[in-house]
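Read the structure below first, then the notes.
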Amino acid sequence: MAMNTDTNHPYILWGTPHSLYTGKARSCLIKKGLRFVERCPSHPDYKARVRPTVGLVTFPVLETPDGQFIQDSTDIVSYLDSLENLASGNSLTPSTPVQLAVARLIDGFGLEGMLQVAMHYRWSYRDEQELFLQTEFGRGLYPGEDREARRAAGRRVMDFFSSSLPTLGINPQTIAAIENAYEELLEALDIHFQHYPYVMGRRVSIADLGLIAPMYAHLGRDPYPTALMKKRAPNVARWVERMQLPNTPDGEYAPYVADWLLDDEIPATLEPVLTLLFKDWGPQLSADIASYQHWLDAHPGIEAGQLINFNDGRLVHPTLGMVSYEWRGVQVQRASAVHGLWLFQMAQAVAQAMSADAGQNLAALLKRTGGQDVMALALPHLIERRNNVLVLQ
Ligand SMILES: N[C@@H](CCC(=O)N[C@@H](CS)C(=O)NCC(=O)O)C(=O)O
(Lines give C-alpha, C1' and ligand atoms only; values in the text may rest on other atoms or scores of the structure.)
Protein backbone atom coordinates (compact mmCIF):
# COMPACT_ATOMS: atom_id res chain seq x y z
CA MET A 1 0.00 0.00 0.00
CA ALA A 2 1.31 3.47 -0.88
CA MET A 3 2.51 5.46 2.09
CA ASN A 4 0.70 8.59 3.02
CA THR A 5 3.29 11.33 3.14
CA ASP A 6 1.00 14.38 3.02
CA THR A 7 1.39 16.04 6.37
CA ASN A 8 -0.37 19.27 5.41
CA HIS A 9 -3.88 17.83 5.44
CA PRO A 10 -5.19 16.06 8.50
CA TYR A 11 -7.42 13.01 8.28
CA ILE A 12 -11.11 13.85 8.52
CA LEU A 13 -13.21 11.62 10.73
CA TRP A 14 -16.83 11.88 9.69
CA GLY A 15 -18.93 10.87 12.67
CA THR A 16 -20.35 12.02 15.97
CA PRO A 17 -19.45 11.76 19.66
CA HIS A 18 -22.51 9.63 20.44
CA SER A 19 -21.84 7.07 17.71
CA LEU A 20 -20.71 3.59 18.75
CA TYR A 21 -18.61 2.78 15.70
CA THR A 22 -17.08 6.25 15.42
CA GLY A 23 -15.59 5.65 18.88
CA LYS A 24 -13.50 2.81 17.51
CA ALA A 25 -12.10 4.87 14.63
CA ARG A 26 -11.45 7.89 16.88
CA SER A 27 -9.48 5.89 19.46
CA CYS A 28 -7.45 4.37 16.62
CA LEU A 29 -6.49 7.80 15.29
CA ILE A 30 -5.65 9.01 18.81
CA LYS A 31 -3.58 5.98 19.72
CA LYS A 32 -1.70 6.13 16.44
CA GLY A 33 -0.89 9.77 17.10
CA LEU A 34 -2.36 10.89 13.79
CA ARG A 35 -3.51 14.42 13.13
CA PHE A 36 -7.24 14.50 12.46
CA VAL A 37 -10.31 16.70 12.60
CA GLU A 38 -13.87 15.56 13.18
CA ARG A 39 -16.87 16.58 11.13
CA CYS A 40 -20.51 15.85 11.78
CA PRO A 41 -22.97 14.63 9.16
CA SER A 42 -24.71 18.03 9.38
CA HIS A 43 -21.76 19.53 7.44
CA PRO A 44 -22.86 20.20 3.83
CA ASP A 45 -19.91 18.18 2.51
CA TYR A 46 -21.36 15.04 4.06
CA LYS A 47 -24.32 15.10 1.71
CA ALA A 48 -22.36 16.47 -1.21
CA ARG A 49 -19.22 14.33 -1.11
CA VAL A 50 -19.27 11.62 1.55
CA ARG A 51 -22.68 10.04 1.13
CA PRO A 52 -22.55 9.67 -2.66
CA THR A 53 -19.08 8.11 -2.49
CA VAL A 54 -19.89 5.67 0.29
CA GLY A 55 -23.36 4.85 -1.04
CA LEU A 56 -24.89 4.63 2.46
CA VAL A 57 -26.04 7.09 5.10
CA THR A 58 -23.71 6.03 7.85
CA PHE A 59 -20.60 6.83 9.83
CA PRO A 60 -17.79 6.62 10.68
CA VAL A 61 -16.19 7.48 7.38
CA LEU A 62 -12.49 8.29 7.25
CA GLU A 63 -11.44 10.78 4.60
CA THR A 64 -7.73 10.39 4.00
CA PRO A 65 -5.39 13.25 3.07
CA ASP A 66 -5.09 11.74 -0.40
CA GLY A 67 -8.86 11.80 -0.94
CA GLN A 68 -10.02 8.25 -0.17
CA PHE A 69 -13.22 7.62 1.76
CA ILE A 70 -13.17 4.53 3.96
CA GLN A 71 -16.32 3.30 5.68
CA ASP A 72 -16.59 0.71 8.39
CA SER A 73 -14.70 1.12 11.62
CA THR A 74 -12.85 -2.19 11.13
CA ASP A 75 -11.74 -1.29 7.61
CA ILE A 76 -10.61 2.11 8.90
CA VAL A 77 -8.47 0.47 11.57
CA SER A 78 -7.02 -2.05 9.09
CA TYR A 79 -6.20 0.75 6.68
CA LEU A 80 -4.52 2.96 9.28
CA ASP A 81 -2.67 0.07 10.84
CA SER A 82 -1.20 -1.19 7.59
CA LEU A 83 -0.25 2.31 6.49
CA GLU A 84 1.30 3.66 9.63
CA ASN A 85 3.08 0.48 10.51
CA LEU A 86 5.66 1.29 7.96
CA ALA A 87 6.39 4.69 9.43
CA SER A 88 6.22 4.30 13.16
CA GLY A 89 6.20 0.63 14.09
CA ASN A 90 3.27 1.20 16.44
CA SER A 91 1.07 -1.55 15.05
CA LEU A 92 -2.17 -2.26 16.86
CA THR A 93 -2.32 -5.80 15.48
CA PRO A 94 -0.55 -8.50 17.52
CA SER A 95 2.12 -10.27 15.52
CA THR A 96 1.87 -13.67 17.21
CA PRO A 97 -0.98 -16.07 16.39
CA VAL A 98 -2.76 -16.78 19.69
CA GLN A 99 -2.68 -13.11 20.70
CA LEU A 100 -3.96 -12.16 17.25
CA ALA A 101 -6.82 -14.69 17.33
CA VAL A 102 -7.87 -13.51 20.81
CA ALA A 103 -7.62 -9.84 19.82
CA ARG A 104 -9.77 -10.45 16.73
CA LEU A 105 -12.37 -12.28 18.82
CA ILE A 106 -12.59 -9.44 21.34
CA ASP A 107 -12.77 -6.91 18.50
CA GLY A 108 -15.77 -8.73 17.04
CA PHE A 109 -17.43 -9.29 20.40
CA GLY A 110 -17.16 -5.61 21.30
CA LEU A 111 -18.47 -4.40 17.98
CA GLU A 112 -21.35 -6.81 17.41
CA GLY A 113 -21.71 -9.08 20.44
CA MET A 114 -22.14 -6.07 22.74
CA LEU A 115 -24.47 -4.06 20.51
CA GLN A 116 -27.45 -5.39 22.44
CA VAL A 117 -26.22 -4.27 25.87
CA ALA A 118 -25.09 -0.89 24.52
CA MET A 119 -28.50 -0.21 22.99
CA HIS A 120 -30.28 -1.48 26.09
CA TYR A 121 -28.57 0.97 28.42
CA ARG A 122 -29.05 3.84 25.97
CA TRP A 123 -32.75 3.34 25.36
CA SER A 124 -34.28 1.34 28.23
CA TYR A 125 -33.28 4.15 30.64
CA ARG A 126 -34.31 6.91 28.30
CA ASP A 127 -36.23 8.82 30.99
CA GLU A 128 -33.05 9.18 33.03
CA GLN A 129 -31.00 10.61 30.18
CA GLU A 130 -33.51 12.17 27.79
CA LEU A 131 -32.01 15.66 27.64
CA PHE A 132 -28.50 14.28 27.15
CA LEU A 133 -29.63 12.04 24.29
CA GLN A 134 -31.61 14.83 22.61
CA THR A 135 -28.58 17.07 22.72
CA GLU A 136 -26.19 14.38 21.52
CA PHE A 137 -28.36 13.19 18.65
CA GLY A 138 -28.96 16.86 17.81
CA ARG A 139 -25.22 17.63 17.91
CA GLY A 140 -24.64 15.56 14.79
CA LEU A 141 -27.58 17.06 12.94
CA TYR A 142 -27.88 20.71 13.90
CA PRO A 143 -24.70 22.84 13.83
CA GLY A 144 -26.25 26.18 14.89
CA GLU A 145 -26.39 28.15 18.12
CA ASP A 146 -30.03 27.65 19.07
CA ARG A 147 -30.05 25.18 21.96
CA GLU A 148 -33.73 24.29 21.61
CA ALA A 149 -33.34 23.71 17.86
CA ARG A 150 -30.52 21.24 18.59
CA ARG A 151 -32.65 19.34 21.06
CA ALA A 152 -35.56 19.31 18.61
CA ALA A 153 -33.29 17.92 15.86
CA GLY A 154 -32.28 15.14 18.22
CA ARG A 155 -35.88 14.38 19.20
CA ARG A 156 -36.84 13.94 15.55
CA VAL A 157 -34.56 10.92 15.04
CA MET A 158 -34.52 9.33 18.48
CA ASP A 159 -37.69 7.31 18.08
CA PHE A 160 -36.26 5.66 14.98
CA PHE A 161 -33.18 4.43 16.88
CA SER A 162 -34.99 3.47 20.06
CA SER A 163 -37.44 1.43 17.99
CA SER A 164 -34.62 -1.03 17.20
CA LEU A 165 -34.85 -2.56 20.69
CA PRO A 166 -37.19 -5.43 19.74
CA THR A 167 -35.06 -6.42 16.72
CA LEU A 168 -32.07 -6.63 19.06
CA GLY A 169 -33.94 -8.96 21.39
CA ILE A 170 -34.28 -6.39 24.18
CA ASN A 171 -37.59 -6.79 26.01
CA PRO A 172 -38.90 -7.28 29.57
CA GLN A 173 -38.13 -11.02 29.39
CA THR A 174 -34.46 -10.55 28.46
CA ILE A 175 -33.45 -7.36 30.27
CA ALA A 176 -32.42 -8.99 33.56
CA ALA A 177 -30.16 -11.44 31.73
CA ILE A 178 -28.63 -8.63 29.63
CA GLU A 179 -27.84 -6.64 32.77
CA ASN A 180 -26.46 -9.65 34.67
CA ALA A 181 -24.19 -10.54 31.76
CA TYR A 182 -22.91 -6.97 31.56
CA GLU A 183 -22.25 -6.71 35.28
CA GLU A 184 -20.26 -9.95 35.18
CA LEU A 185 -18.26 -8.58 32.28
CA LEU A 186 -17.61 -5.31 34.11
CA GLU A 187 -16.36 -7.25 37.13
CA ALA A 188 -13.97 -9.39 35.04
CA LEU A 189 -12.67 -6.36 33.15
CA ASP A 190 -12.23 -4.35 36.36
CA ILE A 191 -9.96 -7.07 37.74
CA HIS A 192 -8.05 -7.24 34.45
CA PHE A 193 -7.46 -3.49 34.31
CA GLN A 194 -6.16 -3.58 37.88
CA HIS A 195 -3.21 -5.48 36.41
CA TYR A 196 -2.83 -4.12 32.90
CA PRO A 197 -3.54 -0.87 31.06
CA TYR A 198 -4.90 -2.59 27.93
CA VAL A 199 -6.87 -5.67 26.96
CA MET A 200 -3.92 -7.64 25.61
CA GLY A 201 -1.66 -6.47 28.42
CA ARG A 202 0.74 -3.57 28.08
CA ARG A 203 0.22 -2.56 24.49
CA VAL A 204 -2.92 -1.06 23.00
CA SER A 205 -4.41 -3.23 20.24
CA ILE A 206 -7.38 -3.92 18.01
CA ALA A 207 -8.95 -5.70 21.01
CA ASP A 208 -9.17 -2.36 22.85
CA LEU A 209 -10.61 -0.74 19.73
CA GLY A 210 -13.41 -3.28 19.37
CA LEU A 211 -14.30 -3.06 23.03
CA ILE A 212 -14.19 0.72 23.17
CA ALA A 213 -16.95 0.89 20.53
CA PRO A 214 -19.80 0.04 22.96
CA MET A 215 -17.83 1.09 26.04
CA TYR A 216 -17.31 4.71 24.98
CA ALA A 217 -20.31 6.33 23.32
CA HIS A 218 -23.01 4.28 25.05
CA LEU A 219 -21.77 2.52 28.19
CA GLY A 220 -19.06 5.01 29.16
CA ARG A 221 -20.63 8.31 28.10
CA ASP A 222 -24.43 8.16 28.38
CA PRO A 223 -25.27 9.26 31.94
CA TYR A 224 -27.05 6.17 33.30
CA PRO A 225 -24.60 3.44 32.22
CA THR A 226 -21.60 5.69 32.91
CA ALA A 227 -22.67 6.03 36.53
CA LEU A 228 -23.06 2.25 36.72
CA MET A 229 -19.58 1.71 35.25
CA LYS A 230 -17.96 4.21 37.62
CA LYS A 231 -19.70 2.75 40.66
CA ARG A 232 -19.08 -0.90 39.83
CA ALA A 233 -15.91 -0.93 37.77
CA PRO A 234 -13.77 2.20 38.14
CA ASN A 235 -10.79 0.52 36.49
CA VAL A 236 -12.91 0.05 33.38
CA ALA A 237 -14.00 3.69 33.51
CA ARG A 238 -10.35 4.73 33.69
CA TRP A 239 -9.55 2.50 30.68
CA VAL A 240 -12.33 4.28 28.75
CA GLU A 241 -10.57 7.58 29.56
CA ARG A 242 -7.21 6.08 28.61
CA MET A 243 -8.57 5.15 25.19
CA GLN A 244 -9.25 8.84 24.54
CA LEU A 245 -5.70 9.89 25.46
CA PRO A 246 -2.44 9.78 23.53
CA ASN A 247 -0.46 6.61 23.87
CA THR A 248 1.57 7.65 26.92
CA PRO A 249 2.34 4.92 29.48
CA ASP A 250 0.12 5.31 32.53
CA GLY A 251 1.65 6.26 35.85
CA GLU A 252 -0.54 3.96 37.89
CA TYR A 253 1.09 0.76 36.65
CA ALA A 254 4.60 -0.25 37.61
CA PRO A 255 7.15 0.87 34.99
CA TYR A 256 6.62 -1.28 31.95
CA VAL A 257 7.55 -1.59 28.33
CA ALA A 258 4.49 -0.92 26.20
CA ASP A 259 4.91 -4.04 24.11
CA TRP A 260 3.21 -7.38 23.46
CA LEU A 261 3.57 -9.96 26.21
CA LEU A 262 6.37 -12.40 25.45
CA ASP A 263 5.89 -15.87 24.00
CA ASP A 264 2.41 -15.20 22.65
CA GLU A 265 1.11 -15.15 26.23
CA ILE A 266 -2.48 -14.21 27.05
CA PRO A 267 -2.87 -12.39 30.40
CA ALA A 268 -4.33 -14.77 32.99
CA THR A 269 -6.75 -12.01 34.03
CA LEU A 270 -8.17 -11.95 30.49
CA GLU A 271 -9.31 -15.58 30.71
CA PRO A 272 -12.49 -14.81 32.72
CA VAL A 273 -13.32 -12.17 30.08
CA LEU A 274 -12.92 -14.78 27.34
CA THR A 275 -15.10 -17.20 29.29
CA LEU A 276 -17.87 -14.60 29.25
CA LEU A 277 -17.26 -13.83 25.59
CA PHE A 278 -17.80 -17.45 24.58
CA LYS A 279 -20.75 -17.90 26.93
CA ASP A 280 -22.52 -14.73 25.83
CA TRP A 281 -21.63 -14.37 22.14
CA GLY A 282 -21.59 -18.08 21.29
CA PRO A 283 -25.38 -18.68 21.19
CA GLN A 284 -25.87 -15.66 18.93
CA LEU A 285 -23.09 -16.70 16.55
CA SER A 286 -24.47 -20.21 16.39
CA ALA A 287 -27.99 -18.95 15.57
CA ASP A 288 -26.64 -16.47 13.02
CA ILE A 289 -24.64 -19.19 11.26
CA ALA A 290 -27.72 -21.44 11.12
CA SER A 291 -29.74 -18.59 9.62
CA TYR A 292 -26.96 -17.92 7.06
CA GLN A 293 -26.99 -21.61 6.09
CA HIS A 294 -30.77 -21.49 5.74
CA TRP A 295 -30.52 -18.43 3.48
CA LEU A 296 -27.88 -20.11 1.30
CA ASP A 297 -30.04 -23.25 1.05
CA ALA A 298 -32.98 -21.14 -0.07
CA HIS A 299 -30.88 -19.47 -2.80
CA PRO A 300 -29.13 -22.25 -4.69
CA GLY A 301 -26.84 -21.07 -7.45
CA ILE A 302 -26.01 -17.67 -6.02
CA GLU A 303 -22.54 -16.52 -6.86
CA ALA A 304 -19.55 -14.66 -5.49
CA GLY A 305 -20.32 -10.98 -5.10
CA GLN A 306 -23.97 -11.60 -4.19
CA LEU A 307 -25.20 -9.15 -1.54
CA ILE A 308 -25.88 -10.89 1.77
CA ASN A 309 -29.16 -9.48 2.98
CA PHE A 310 -32.67 -10.83 3.15
CA ASN A 311 -34.13 -8.34 0.67
CA ASP A 312 -31.19 -7.46 -1.56
CA GLY A 313 -30.97 -3.89 -0.27
CA ARG A 314 -27.72 -2.15 0.65
CA LEU A 315 -27.86 -1.81 4.42
CA VAL A 316 -25.38 -0.78 7.11
CA HIS A 317 -26.53 -3.68 9.26
CA PRO A 318 -27.75 -6.42 6.90
CA THR A 319 -29.83 -9.23 8.34
CA LEU A 320 -31.13 -12.56 7.10
CA GLY A 321 -34.29 -12.45 9.18
CA MET A 322 -35.19 -13.19 12.79
CA VAL A 323 -33.37 -15.82 14.83
CA SER A 324 -34.37 -17.40 18.13
CA TYR A 325 -32.05 -19.00 20.67
CA GLU A 326 -31.73 -19.77 24.34
CA TRP A 327 -29.32 -17.60 26.28
CA ARG A 328 -28.79 -17.39 30.04
CA GLY A 329 -32.10 -19.13 30.67
CA VAL A 330 -34.22 -16.87 28.44
CA GLN A 331 -35.38 -17.13 24.85
CA VAL A 332 -33.89 -14.37 22.68
CA GLN A 333 -35.56 -13.40 19.43
CA ARG A 334 -33.66 -10.91 17.34
CA ALA A 335 -32.59 -10.02 13.83
CA SER A 336 -29.60 -12.05 12.66
CA ALA A 337 -26.39 -10.01 12.53
CA VAL A 338 -24.34 -10.84 9.47
CA HIS A 339 -21.69 -8.30 10.35
CA GLY A 340 -20.78 -10.29 13.47
CA LEU A 341 -20.11 -13.31 11.27
CA TRP A 342 -17.71 -11.31 9.11
CA LEU A 343 -15.78 -10.33 12.25
CA PHE A 344 -15.88 -13.83 13.74
CA GLN A 345 -14.58 -15.21 10.45
CA MET A 346 -11.46 -13.04 10.84
CA ALA A 347 -10.67 -14.63 14.21
CA GLN A 348 -11.28 -18.09 12.82
CA ALA A 349 -9.01 -17.45 9.85
CA VAL A 350 -6.15 -16.71 12.26
CA ALA A 351 -6.92 -19.85 14.27
CA GLN A 352 -6.99 -22.00 11.14
CA ALA A 353 -3.72 -20.63 9.77
CA MET A 354 -1.60 -21.04 12.89
CA SER A 355 1.18 -23.60 13.37
CA ALA A 356 0.55 -26.86 15.23
CA ASP A 357 2.35 -25.59 18.34
CA ALA A 358 0.37 -22.37 18.47
CA GLY A 359 -2.78 -24.37 17.75
CA GLN A 360 -2.13 -26.47 20.84
CA ASN A 361 -1.75 -23.35 22.97
CA LEU A 362 -4.97 -21.96 21.58
CA ALA A 363 -6.77 -25.28 22.14
CA ALA A 364 -5.63 -25.30 25.78
CA LEU A 365 -6.85 -21.72 26.22
CA LEU A 366 -10.21 -22.58 24.62
CA LYS A 367 -10.56 -25.56 26.93
CA ARG A 368 -9.95 -23.40 30.00
CA THR A 369 -12.38 -20.71 28.82
CA GLY A 370 -15.15 -22.91 27.38
CA GLY A 371 -14.56 -21.72 23.81
CA GLN A 372 -14.04 -25.01 21.99
CA ASP A 373 -17.56 -25.34 20.61
CA VAL A 374 -17.76 -21.71 19.59
CA MET A 375 -14.48 -21.77 17.70
CA ALA A 376 -15.57 -24.99 16.01
CA LEU A 377 -18.61 -23.27 14.47
CA ALA A 378 -18.18 -23.26 10.71
CA LEU A 379 -19.38 -20.53 8.37
CA PRO A 380 -20.97 -22.21 5.35
CA HIS A 381 -19.48 -19.66 2.95
CA LEU A 382 -16.88 -16.95 3.49
CA ILE A 383 -18.04 -13.34 3.59
CA GLU A 384 -16.25 -10.26 2.33
CA ARG A 385 -16.82 -6.52 2.21
CA ARG A 386 -17.03 -5.02 -1.22
CA ASN A 387 -18.11 -1.50 -2.05
CA ASN A 388 -19.06 -0.96 1.62
CA VAL A 389 -21.45 -3.90 1.90
CA LEU A 390 -21.15 -7.57 2.82
CA VAL A 391 -21.14 -10.04 -0.07
CA LEU A 392 -20.39 -13.70 -0.70
CA GLN A 393 -16.71 -14.27 -1.28
N1 LIG B 1 -20.20 -1.79 10.53
C2 LIG B 1 -20.21 -0.36 10.50
C3 LIG B 1 -21.44 0.14 11.23
C4 LIG B 1 -21.62 1.62 11.16
C5 LIG B 1 -22.93 2.04 11.82
O6 LIG B 1 -23.84 1.24 12.06
N7 LIG B 1 -23.03 3.31 12.13
C8 LIG B 1 -24.25 3.81 12.75
C9 LIG B 1 -23.95 5.09 13.46
S10 LIG B 1 -22.96 4.69 14.87
C11 LIG B 1 -25.27 4.01 11.68
O12 LIG B 1 -24.92 4.30 10.57
N13 LIG B 1 -26.54 3.82 11.96
C14 LIG B 1 -27.55 4.05 10.99
C15 LIG B 1 -28.19 2.78 10.51
O16 LIG B 1 -27.93 1.70 11.09
O17 LIG B 1 -28.94 2.86 9.53
C18 LIG B 1 -18.92 0.14 11.11
O19 LIG B 1 -18.27 -0.61 11.85
O20 LIG B 1 -18.52 1.28 10.81
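Picking from D222, D250, D259, which residue would you name as being among the acidic types (D, E) and under 28 Å from N180 (Cβ atoms)?
Every option except D222 fails the conditions.
On the basis of being closer than 15 Å to L105 by Cβ, under 20 Å from the mean Cα position of the chain (by Cα), at pLDDT 95 or above and within 16 Å of the ligand (Cβ to nearest atom), does I212 make the cut?
No, not satisfied.
Considering (1) within 16 Å of the ligand (Cβ to nearest atom); (2) open to solvent by 40 Å² or more (accessible area, probe 1.4 Å); (3) over 25 Å from H43 (Cα atoms), say which one R122 fails and leave the rest.
Against the list (1) within 16 Å of the ligand (Cβ to nearest atom); (2) open to solvent by 40 Å² or more (accessible area, probe 1.4 Å); (3) over 25 Å from H43 (Cα atoms), R122 comes up short only on (2).
Please go through region 162-205 and give me each residue that is part of a helix (DSSP H, G or I) and open to solvent by 50 Å² or more (accessible area, probe 1.4 Å), ordered by number.
Residues satisfying the conditions are P166, T167, A176, N180, E183, E184, E187, I191, Q194, H195.
Condition test on T269, is it modelled with pLDDT of 95 or more, in a helix (DSSP H, G or I), open to solvent by less than 50 Å² (accessible area, probe 1.4 Å) and polar (S, T, N, Q)?
Yes.
Only one of Q348, Q331 is open to solvent by 50 Å² or more (accessible area, probe 1.4 Å) and away from the ligand (no atom under 16 Å from the Cβ). Can you tell me which?
Q331
I need the full set of residues from region 308-328 which are open to solvent by 30 Å² or more (accessible area, probe 1.4 Å), touching a residue at least 24 places away in the same chain (Cβ under 8 Å) and within 16 Å of the ligand (Cβ to nearest atom), in order please.
Residues satisfying the conditions are R314, L315, V316.
The values are calculated or read from the model by the stated rules, or taken from the named source; none is laboratory data. Keep in mind that this is a model prediction, so the values were computed, not measured. Cβ atoms come from the backbone with ideal geometry, glycine included; neighbour counts cover every protein chain shown. Protein only, heavy atoms only, side chains kept; ligands, DNA and RNA dropped before computing areas. Shrake-Rupley method; radii C 1.70, N 1.55, O 1.52, S 1.80 Å.
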